[in-house]
Amino acid sequence: MADIDSFQTEKRRFKPHASFAKQANLTAAEFKKLTALAAKSPDKYWAGRAEDLRWMRKWKKVCDWSEAPFAKWYVEGQLNASDNCLDRHLETWRRNKAALIWEGEPGDTRVLTYADLHRETCRFANVLKGLGVRKGDRVTLYMPLVPELAIAMLACARIGAAHSVIFGGFTSQAIADRVEDAESAVLVTADGGWRRGSVVPLKTNVDEALTKTDKVKKVVVLKRTGQGVTMTNGRDFWWHDLMKDASAVCEPEPCDSEQMLYILYTSGTTGKPKGVVHTTGGYMTWAHTTTKWVFDLKDTDTYWCTADIGWVTGHTYVVYGPLSNGATVLMYEGAPNWPANDRFWQLVEKYGVTILYTAPTAIRAFMKWGDEWPGRHDLSSLRLLGSVGEPINPEAWMWYQKVIGGGRCPIVDTWWQTETGGILISPLPGVTATKPGSATLPLPGIFPEVLSNEGQPCKADQGGLLAIAKPWPSMLRTVYRDPERFKKQYWSNFAGKYFTGDGSRKDKDGYVWIMGRVDDVIKVAGHRLGTAEVESALVSHPKVAESAVVGKPDEMKGEAICAFVTLRGGSEKTDALKKELQEHVAKTLGSFAKPEMIRFTDALPKTRSGKIMRRLLRKIATGDGTLGDTTTLEDLSVLAKLREDEE
Ligand code: WT7
């Protein structure tokens, strides 16, 4: 593979306002000191970060990297994540502070104080115990964005069980695969959730999934939307029935620092989703620290991260990071354009949101909908804006800064991944001068490198592969039940260094510019999807013989999915079948995975060893669309075979 060319030239620079810098949680002087300390005495630096948490037993060693790439952090220390998010605050004035301010899509609202959240968590922890959940077990959570999802996560953490949250946009096959891999005997769901005025049939999806796996023995169902659902006797229980008599007393279980806190499945280059494993001590340390530094989180803030909890952003920056900091977190269940395009801005005004963390795909949509929507609302409460999930185009960055931030708010463009557990590269709002489109500089203790295929450092402005040279506490520990895949995927490209899968460059100032994925992962509207997963979904249709899926640049979604499909003998290439295939993917994986474009072809371009040449398909997909017939593809497949020797 050739080195990556970069064409972006962005000259604008924004220094932090002096007034913001003065009050920042991390000042320029501290940043400098900590960066130096992290380079010189990493153990000392990382110990300092962990001391911000409450430990039940102090660690003996900060980092054990002797069995690399299998890291251990804060070795032999003990703590409990829910104790850090809840109990710790109950001993302070925060006891009756709002922890969660929640608004449902229909407009219903709830506020839970730290004392409320603690009580509900303890009760649900007892419910889980009653269902037979023990330390080390995996509990699957497939729920809408409601307080009970956070409660269920914290309840798992409280008793030392690991949660596996499945995004509510997934459907039956995705649920079945994940439940099967996690060997999860208990699943928590809801009758439904609200999305753009309609009900997402979560329980029905679960029922269908459970015809494909027999691992789940008990299902807890929260009543949210109230539509009729089928309850299977002996297997399904209503949340409210189980909670009725549950005791509110449940001591937090002391957990080893390396006790698994959660599994989160994410898409990789093969069809099988990877169970990314995060453990307790290191993950909590970095979730806590980065939330405090990057978002400059204060007790007086109303903090809103718009991510769904089903993605890692929701795990780290809706639940564990902000709650361990004692923050007030806004949670909103539904879509940004329901009932109208100004729902987000209405929420910002209504609750006086001070920190807003959202995704470029949303920002681009807001831009398209027009300035009049935010213009209708008073957004002066905002003091900091964040972005995550994919590269943000400089134009969207400028719009965000001007129209939403009123020119007053620093923007933190945060780079990280499901695997990294927390933010690794980001501006610090009181310290770093920002450049629109760049995630800027690593946080202290993080050592990103841009490398050539051969592992040589690239020169300034030369594109290459992004790697992280040293371990950090919130790094994934393994791929669940697949340590070989963990080694191969992340640690086999560059000896001793973590490979991110992203292309990037560093400019002359050392600023990192992310250029997107270099593997077969597509980012559709900020959601990460493996091409192979969509391909498997397509091939599961009886009329499909083979398929290849690629991403093509999309103005709104970042990337859109294009599928090339060969049909089984006798099937006709009709538009109706295209539609049917789109619906089939939506039904198997979720509608966010639906291919935008389907192209029928008689053959796919392949190398002699049978590997589909997605690079060529990407060219066709991004072409001007005039390559409308299949003959071109035929030609390309010949071309591919000829080119193979050049590879
Ligand atoms: C991939 C990870 C991190 C939580 C949400 C996504 C892309 C993420 C940025 C950013 C450019 C970004 C990368 C990364 N990405 N943040 N600020 N600038 N690209 O987590 O689903 O695990 O996806 O998202 O390509 O590898 P994820």
For this session: Within region 225-275, track down each residue that is within 24 Å of K203 (Cβ to Cβ), surrounded by 16 or more Cβ atoms within 10 Å (Cβ to Cβ) and β-branched (V, I, T).
Result: T225, V229, I263
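Yes/no per residue for (1) within 21 Å of G281 (Cα to Cα); (2) of a type in the set (D, E, K, R); (3) at pLDDT 95 or above:
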| position | (1), (2), (3) |
| --- | --- |
| F20 | no, no, yes |
| T35 | no, no, yes |
| G48 | yes, no, yes |
| V62 | yes, no, yes |
| E67 | yes, yes, yes |
| D116 | no, yes, yes |
| T121 | yes, no, yes |
Problem set entry | Those residues of region 389-437 which are within 9 Å of the ligand (Cβ to nearest atom) and polar (S, T, N, Q), in sequence order | T414, Q417, T418, T420, S426
Problem set entry | Residues that are touching a residue at least 60 places away in the same chain (Cβ under 8 Å) and in contact with a strand residue (DSSP E or B) (Cβ under 7 Å, 6 or more places away or on another chain), drawn from region 336-355 | L347, Y351, I355
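Can you pull out every residue in region 584-618 that is among the hydroxyl-bearing types (S, T, Y) and out of contact with any Leu (no Cβ under 6 Å at 6 or more places or on another chain)?
Correct list: T588, S591, T607, S609.
Show me the strands (runs of 3 or more DSSP E) found entirely inside region 446-565 where at least 2 residues are hydrophobic (A, V, I, L, M, F, W, C). Let's see the steps before the verdict.
Numbers: elements: 448-451, 464-468, 498-506, 512-517, 521-524, 527-530, 544-554.
Per the criteria, 448-451, 464-468, 512-517, 521-524, 544-554.
For region 522-542, enumerate the residues that are within 12 Å of the ligand (Cβ to nearest atom) and touching a Leu at 6+ places or on another chain (Cβ under 7 Å). Don't jump to the end; show me each part of the working.
Within region 522-542, the subset within 12 Å of the ligand (Cβ to nearest atom) is 522-530.
Scanning region 522-542 gives a single hit, I522.
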Exercise. Is it true that some residue in region 211-231 is more than 30 Å from the chain's Cα centre (by Cα) and of a type in the set (S, T, N, Q)?
Worked result: yes
Problem set entry | Test for G430: is it over 19 Å from W286 (Cβ atoms), assigned to a loop (DSSP other than H, G, I, E, B) and assigned by TED's automatic domain parsing to the domain that holds K22 | yes
Problem set entry | Out of K497, K508, K552, K578, sole residue that is farther than 24 Å from S452 by Cβ, more than 12 Å from the ligand (Cβ to nearest atom) and either without any contact (Cβ under 8 Å) to a residue 40 or more places away in the chain or not assigned by TED's automatic domain parsing to the domain that holds L604 (or both) | K578
Seminar exercise, completed: Scanning region 97-150 residue by residue, those outside any strand (DSSP E or B), under 21 Å from the mean Cα position of the chain (by Cα) and among the aliphatic types (A, V, I, L, M) turn out to be M143, L145, V146, L149, A150
Problem set entry | Criterion (surrounded by fewer than 19 Cβ atoms within 10 Å (Cβ to Cβ) and over 24 Å from E183 (Cα atoms)) met by exactly one of E91, E120 | E91
Exercise. How many residues does region 112-165 hold that are out of contact with any helix residue (DSSP H, G or I) (no Cβ under 6 Å at 6 or more places or on another chain) and among the β-branched types (V, I, T)?
Worked result: 3
For this session: Tell me, yes or no, whether region 288-310 has at least one residue that is within 30 Å of K523 (Cα to Cα), within 16 Å of the ligand (Cβ to nearest atom) and of a type in the set (D, E).
Result: yes
Problem set entry | Only one of G160, G136 that is buried (at least 20 other Cβ atoms within 10 Å of the Cβ) and at positive phi | G160
Seminar exercise, completed: When restricted to A359, A365, the only residue more than 16 Å from the ligand (Cβ to nearest atom), closer than 19 Å to M556 by Cα and either assigned by TED's automatic domain parsing to the domain that holds D299 or of a type in the set (K, R) (or both) is A365
Exercise. Pick from region 536-557 the residues that are acidic (D, E) and surrounded by 15 or more Cβ atoms within 10 Å (Cβ to Cβ): which of them is nearest to T601 (Cα to Cα)?
Worked result: E546
For this session: Tell me which residues, restricted to region 475-511, are surrounded by fewer than 19 Cβ atoms within 10 Å (Cβ to Cβ) and on the phi > 0 side of the Ramachandran plot.
Result: R481, G496, G510
Exercise. If we keep just the residues of region 591-602 that are surrounded by 23 or more Cβ atoms within 10 Å (Cβ to Cβ) and outside any helix (DSSP H, G or I), which is farthest from the chain's Cα centre (by Cα)?
Worked result: T601
Exercise. Regarding D296, is this residue surrounded by fewer than 24 Cβ atoms within 10 Å (Cβ to Cβ) and free of Cβ contacts under 8 Å to residues at least 60 places away in the same chain?
Worked result: no
Exercise. Just wondering, is there one or more residues in region 385-403 that are among the acidic types (D, E) and assigned to a loop (DSSP other than H, G, I, E, B)?
Worked result: yes
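Can you go through N341, N337 and tell me which one is crowded, with 18+ Cβ neighbours inside 10 Å, in the same structural domain as Y400 (by TED's automatic domain parsing) and either touching an Asp or Glu at 6+ places or on another chain (Cβ under 7 Å) or modelled with pLDDT of 95 or more (or both)?
Numbers: N337 fails: crowded, with 18+ Cβ neighbours inside 10 Å.
Exactly one of N341, N337 is crowded, with 18+ Cβ neighbours inside 10 Å, in the same structural domain as Y400 (by TED's automatic domain parsing) and either touching an Asp or Glu at 6+ places or on another chain (Cβ under 7 Å) or modelled with pLDDT of 95 or more (or both), namely N341.
The values are calculated or read from the model by the stated rules, or taken from the named source; none is laboratory data. Everything numeric here is computed off the predicted structure, so don't read it as measured data. When we count neighbours, we look across all protein chains shown, and the Cβ atoms used for this are built from the backbone with ideal geometry, even at glycine.
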